[in-house]
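Peer 1: Here's a structure for you.
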Amino acid sequence: MLYIQAAGQDAEQKADSVVIPLRISAGLEISGPVIYFTDKSTLNLEGFVSGDINEKMSVFLGTGYSDFSYSQYNYNFTAKGIYFRVGPDFNLLRPEMAVGKYWAGLGIHYGLSNFSYETSSYRHDNYWGSVTSSLPGQSGWAHYLEVSGGFKAELFRNFNIGWLINVRKMVYSGADKNLPPIYYPGYGNGGKTISFGLNYYISWSIPYKKIKVKIKPEPVEEPEEDEETQNQDETQSVGRQGIGR
Amino acid sequence: MMRKIPKYILIVATTVIFLLSSCSPGSCFEETNAYVKAKFFLTSTSKAAAPDSITLYGVGRENSYVYLKALKVSQALMPLDASAENCSLVLKINGVNDTISFTYSTYSKLISKECGYAFYHSIETPEYTKHIIDTVIVVKSTITTLSEQNISIYY
């Protein structure tokens with residue numbers, strides 16, 4: 001009898017808190033190279049480092065390189081450049097669910113793209129005939145905001161995979177308003193004020209510290225007064241297990 | 001049980017996202033020609049009035065018509081030659097010929113990734129003959145692909 005009671009107390013103590021390892025992670029975006037094998041017109045290489053501040057928040061720093069070309073019947077376009085992203089990520093999973101291995105949440109990032117682009121030729125047809133021209137190379141810095149949402153999980157010890165859906169809003173394009181690039185490294189489609197992206201990541205993590213996080217007890221639903229009155233006799237007979245179920 | 005939920009979400013969501021991420025190239029559904037958009041007015045009433053018929057063609061391109069005896073055109077779309085700084089168009093209103101000459105500057109404009117580039121223009125006050133045309137007034141000198149009136153033709 002005493003043993004059972006002690007075991008029960010131990011179980012309650014374990015449920016009060018959970019140990020979360022804080023990690024420093026480094027990772028690679030893998031869809032860019034995969035896409036490049038099937039479509040040589042777009043090369044996107046991206047990596048990141050991330051450091052946990054606490055069980056909910058981490059700091060993300062990403063950088064990448066893009067080399068993009070696009071051709072269609074009436075123009076040929078190329079763009080390339082490097083980009084950076086920085087900002088906090090928030091894990092929305094409860095600590096007892098995340099246990100330092102799972103992440104489902106949001107990131108809010110500031111993005112900076114250093115781009116150069118050129119339209120080597122374009123053609124325009126109208127009543128008067130066909131006119132072919134070209135646009136000289138231009139370069140600049142674009143600033144954008146990014147909200148990312150997704151999921152990451154530890155597949156093996158310290159090895160993680162995950163995906164993120166990104167919504168990006170251009171803040172400052174840094175380009176000629178009449179002739180912006182159709183593609184910004186790190187941002188995507190230049191013709192849109194809002195751009196969407198999808199990234200798949202693999203990453204390695206190094207735990208650098210363990211913290212004990214208290215688990216918030218799940219709220220116990222209080223029965224309504226009518227039910228309480230009606231069920232008073234029944235409640236007394238079945239004891240504490242019956243309340244709120 | 002709780003630890004199984006994230007793995008389940010990961011597998012299902014990753015599959016869905018892979019399926020959704022396949023995309024096809026878009027088509028161009030936007031206007032890529034920047035026309036001078038001319039609206040017709042009767043001088044006698046100053047009210048908008050579509051001519052009974054119009055014919056429009058470029059000087060030097062007499063065998064190619066923009067409009068040929070087109071009926072009740074309330075707003076004519078006049079193309080400019082992007083390879084030159086000026087061009088002239090013959091406008092026949094109700095069987096009477098006039099010539100309108102445009103002088104302009106041209107610049108490139110990205111329409112969209114799908115459509116590519118267009119030529120926009122900035123026109124000066126046009127010169128014209130007055131056989132049936134009374135006055136040509138420039139309302140908006142920037143010629144774009146937007147649907148906005150550029151000149152008023154009184155006849």
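Peer 1: Students often forget the sequence filter, so: which lysines lie under 20 Å Cα-Cα from A:Lys210 once same-chain residues fewer than 8 apart are removed?
Peer 2: Hits, sequence-local ones excluded: A:Lys14, A:Lys56, A:Lys101, A:Lys152.
Peer 1: Further question on the same structure: Taking each residue of A:127-135 in turn, how many C-beta atoms of other protein chains fall within 10 Å of its C-beta, and what is the average?
Peer 2: 6
Peer 1: Here is a follow-up. Extending each Cα 7 Å along its Cβ direction at A:Val171 and A:Met57, get the distance between those two points in nm, one decimal.
Peer 2: Placing both labels 7 Å beyond Cα along the Cβ direction yields 1.8 nm.
Peer 1: Count, for each residue of B:118-124, the Cβ atoms from other chains sitting within 10 Å of its Cβ, then give me the mean as a whole number.
Peer 2: 1
Peer 1: Could you give the nm distance between label points at A:Phe90 and A:Trp204, where each point is 7 Å from its Cα heading toward the beta carbon?
Peer 2: 3.2
Peer 1: Between B:Asn97 and A:Asp67, what is the FRET efficiency for a Förster distance of 51 Å, r being their Cβ-Cβ separation, to the nearest 0.05?
Peer 2: Between B:Asn97 and A:Asp67 the formula returns 0.35.
Peer 1: I've got another one for you. Within the range B:33-154, how many Lys pairs sit with Cα atoms under 24 Å apart, leaving out pairs fewer than 8 places apart on the same chain?
Peer 2: 27
Peer 1: Continuing with the same structure: Positive end of the charge dipole of the range B:33-154 (Lys, Arg +1 and Asp, Glu -1 on Cβ, about the Cα centre): tell me which of B:Tyr120, B:Val66, B:Ala50 has its Cα farthest that way.
Peer 2: B:Ala50
Quick note: the coordinates plus some simple rules give every number you see, no bench work behind them. Just so it is clear, the model here is predicted, and its values are computed rather than measured. Cβ: placed from backbone, ideal geometry, glycine included. Neighbour counts: every protein chain shown.
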